[in-house]
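For reference, the structure discussed in these notes is given below.
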Amino acid sequence: MANRGNRLHGDVSELSAFQLVYRLVRQIPPGRVMTYGQVSARLGHLLSPAAVGWALHVCPADVPWHRVVNAQGRCSTERLPDFPPGLQRRLLEAEGVVFDPQGRLDLAYYAWDGGAGASFDDGKERQGP
């Protein structure tokens, strides 16, 4: 795990894969999103996109789980029996995210790539959205 986790600043050798997901998702600014696949990729594919979803399903209360959506820009929690219908969408809309009539958000506009201030170091120059 340490080899894959070295993209994060600090000592990650003691962090679980789920904790790495939580660390990244806590950095997503309000009104921005990442996809499950983007989270997986940023963590060196330590977890599959589906496993990222599972991690967020059991995350601590301080993790903004609602800022992670599927690759089509849709909310995926609608299928879960223990989530109130529309909760993820309402939380995102409260942050200014707009959905189209088909229930998709514009990933080209709302996606966050770990811009300025992210605690990642993968050697790439980044600019904020």
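In whole Hz, what ³J(HN,Hα) sequence does region 52-67 give by Karplus (6.51, -1.76, 1.60; θ = phi - 60°), x for Gly and Pro?
4, x, 5, 4, 6, 5, 10, 6, x, 4, 8, 8, x, 3, 5, 7
Would region 64-117 count as rounded, prolate or oblate if I go by the C-alpha gyration tensor, calling it rounded below 1.5 in a/c and otherwise prolate when a/b exceeds b/c, oblate otherwise?
prolate
For the modelled label position 7 Å from the Cα of GLU93 along Cα-to-Cβ, which residues of region 60-86 have backbone nitrogen atoms closer than 17 Å?
Output list for this probe position: 66-67, 74-79, 84-86.
From the backbone phi of region 31-47, what are the Karplus-calculated ³J(HN,Hα) couplings (6.51 cos²θ - 1.76 cosθ + 1.60, θ = phi - 60°) in whole Hz, Gly and Pro given as x?
Per residue, the Karplus-derived 3J(HN,Hα) values read x, 10, 9, 10, 8, 4, x, 5, 4, 4, 5, 5, 9, x, 6, 4, 10 Hz.
In nm, what is the difference between 0.36 nm times the number of residues separating ALA108 and PHE83 and their Cα-Cα distance?
6.3 nm
Please list the non-local residues whose amide H lies under 5 Å from the amide H of VAL33, H modeled 1.01 Å from N, same-chain partners needing a gap of 5 or more.
Residues meeting the criterion, in which the H sits 1.01 Å from N, are ALA111, TRP112.
All of the numbers you see were taken from the coordinates with simple rules; none came from a lab. Just so you know, these numbers come straight off a predicted model, no measurement behind them. Ideal geometry is used to build each Cβ from the backbone, glycine not excepted, and the neighbour counts take in all protein chains shown.
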